[in-house]
Amino acid sequence: GFYSNSSAIPPELRRNATENVWNSFLNFTGCHAGMKVNGLYKIKQYFQRFGYIPETLPRNFTDDFDDILKNAVMMYQRNFRLNITGELDELTLKHVVIPRCGVPDVVNGTSTMHGDGRRRTYEVSFAGRGPNFHAVKR
Amino acid sequence: YSFFPGEPRWPDHNRDLTYAFDPRNALTEEVKTVFSRAFARWAEVTPLTFTRVESFLTSDISVGFYSGDHGDGEPFDGVMGTLAHAFSPPNGHFHLDRDENWIVSDSGGDGFLSVTSAVDLESVAVHEIGHLLGLGHSSVQDSIMYPTITTGRRKADLTSDDVEGVQYLYGANPNFNGSRSPPPSTQQRDTGDSGNAACRI
């Protein structure tokens, strides 16, 4: 629905809106490598959805906190500038459940989110002697 | 800022882009105006222009609200979760989740709405237009191209990170004076307190 302001939203819809489809992930707080937890496959599907687990892997994941999930968590934490623990800590999961854009953060295994928030390359060329130093910032 | 692999962008001969809305959505003029404002933000800083047209099938950019599986292999998931997605140039497809509570008011500026159960439409539209133009996600939290959008928060102003990214692809608008404030202070963002009204990280 479209509303001119937030107070125009019917109360029953406000309640529904807080029932984020990903909120159940908060139950995985504290999970780390080596654990096996019922439903953990769902968060693997989440990470695959946004590119952190390769699409080439089948979606029938296990509930094991394996290296695939650990690597995905670490890449996610790096992208979002969180502490890189490789664990599903509280701050990471609070981030995971935030509504977001559906465009993946990682494409073909390469993160499109650069850690320093900048994409700069410097081309430098030297031509002969004298003041011919040339630099281009892109 | 970042780009999609291969840095796709709209070609030189097509910098005056048209956009249209899916007529099946029967959007009001108020809703369409939100998108006009969002496009204008990117036009202000680039040589690109955006013109609304009626022909949904032939426009460069097509905007539509859909629920669940809508045929592009990227189904929406109901309230919250994923809010929208858009494709890299020159695809032009811009899809939003019809199941969200969208706020279409232009009031509030960069700040917080009064409830957390709604999403500011212009904030999401500005972000997705960035994808349509070729920008990927940014790790700069206050940039428009940051992947998450805090419910209840309005964030529609381009930051210097967004402007630098899009101007790398298209150059600057000759009429743009180049002044763009850096992202506002992010002092609160690392508190981890999601219990307040705006669920800020």
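The values are calculated or read from the model by the stated rules, or taken from the named source; none is laboratory data. The model shown is predicted, which means the values in this text are computed figures rather than measured ones. Every residue, glycine among them, receives a Cβ derived from its backbone with ideal geometry; neighbour counts consider all protein chains shown.
Details
- Test: residue in region A:14-29 that is hydroxyl-bearing (Ser, Thr, Tyr), more than 30 Å from residue B:31 (Cα to Cα), at the interface with another protein chain (Cβ under 10 Å from one of its Cβ atoms) and in a helix (DSSP H, G or I): no
- Residue A:53 being under 28 Å from residue B:131 (Cβ atoms), out of contact with any Leu (no Cβ under 7 Å at 6 or more places or on another chain) and assigned to a loop (DSSP other than H, G, I, E, B): yes
- Some residue of region B:38-54 being surrounded by fewer than 16 Cβ atoms within 10 Å (Cβ to Cβ), within 16 Å of residue B:124 (Cβ to Cβ) and under 18 Å from the mean Cα position of the chain (by Cα): yes
- Residue within region B:133-151 that is crowded, with 23+ Cβ neighbours inside 10 Å and within 18 Å of residue A:13 (Cβ to Cβ) present: yes
- When A:34, A:39 are checked against the criterion of being over 30 Å from residue B:118 (Cβ atoms) and either touching a His at 6+ places or on another chain (Cβ under 6 Å) or more than 10 Å from chain B (Cβ to nearest Cβ) (or both), A:34 stands alone in meeting it.
- Residue selected from region B:34-54 under the condition in contact (Cβ under 8 Å) with a residue 60 or more places away in the chain and out of contact with any Leu (no Cβ under 9 Å at 6 or more places or on another chain), by the criterion farthest from residue B:160 (Cα to Cα): B:37
- Restricting region B:5-28 to residues that are among the hydrophobic types (A, V, I, L, M, F, W, C) and within 14 Å of another protein chain (Cβ to nearest Cβ) leaves a set whose member that is surrounded by the fewest Cβ atoms within 10 Å (Cβ to Cβ) is B:26.
- Taken together, the criteria exclude residue A:67 from residues that are within 8 Å of chain B (Cβ to nearest Cβ) and at pLDDT 90 or above.
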